[in-house]
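In what follows, a single structure is set out as structure tokens and then discussed.
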Amino acid sequence: RVSIHFVPDQEASALEAALEQHARKVFEARQSGNTLKVVVKQSSGWWLGDVDNRIFKLAEKAVAEVWGQKPLMVREGGSYGGVTAFLEKMLGAPALHLPMGQSSDKAHLPNERIRVHNLLQGRRVMENLLLQLGTCSDA
């Protein structure tokens, strides 16, 4: 199993083709009696949020109020980029990824975890954000 995460302006089909080409080249060099089969089970596009969007600004404010410091905006891979891009397009509304974990949480790996403190703080951030959205007229 191989999972490929890519960045904006990269096309999934091009990366899939490059991976298959490389795998076949390495496999052929081994001169194995086995066969290689490449199957792409799922593919989706990338998503890049607009950090200047009003929703991002409200989320930034909510994080700062709960955690006591402004969040660091990091371009980090995620599992739902293609889904997020699809929903944004279909609903005609901006989307937001608001993580609650840490990089050490081992997301989607054995022994995945999230600290209870982070989960509770994340809930407070969401409450704060929803209150802000409910009281602003231009969100």
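The values are calculated or read from the model by the stated rules, or taken from the named source; none is laboratory data. Given the structure is predicted, the values throughout are model-derived calculations rather than measurements. Surface areas here come from the heavy atoms of the whole protein model, side chains and all, with no ligands, DNA or RNA. Shrake-Rupley method; radii C 1.70, N 1.55, O 1.52, S 1.80 Å.
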Query raised in the report: Can you give me the Cα centroid spacing of region 77-131 and region 1-60 in angstrom?
Result: 21 Å
Query raised in the report: Under 17 Å Cα-Cα from LYS61, which lysines qualify once same-chain neighbours fewer than 8 residues away are excluded?
Result: LYS70
Query raised in the report: Which of the aspartates and glutamates could a cross-linker bridge to LYS41, judged by Cα under 20 Å and excluding same-chain residues fewer than eight apart?
Result: GLU11, GLU16, GLU20
Report summary line: With a 1.4 angstrom probe the carbon and sulfur portion of accessible area for region 17-139, in percent, totals 55 percent
Report task. Sequence neighbours fewer than 8 away in the same chain don't count; with that in mind, list the aspartates and glutamates whose C-alpha is under 13 Å from LYS57. Result -> GLU65, ASP138
Report task. Pairs of Cα atoms under 8 Å, at least six residues apart: use those to get the relative contact order of the chain, whole percent. Result -> 24 percent
Query raised in the report: Across the Cα atoms of the chain, what radius of gyration and what greatest pairwise Cα-Cα distance (Dmax) are found, in Å?
Result: 19.8, 67
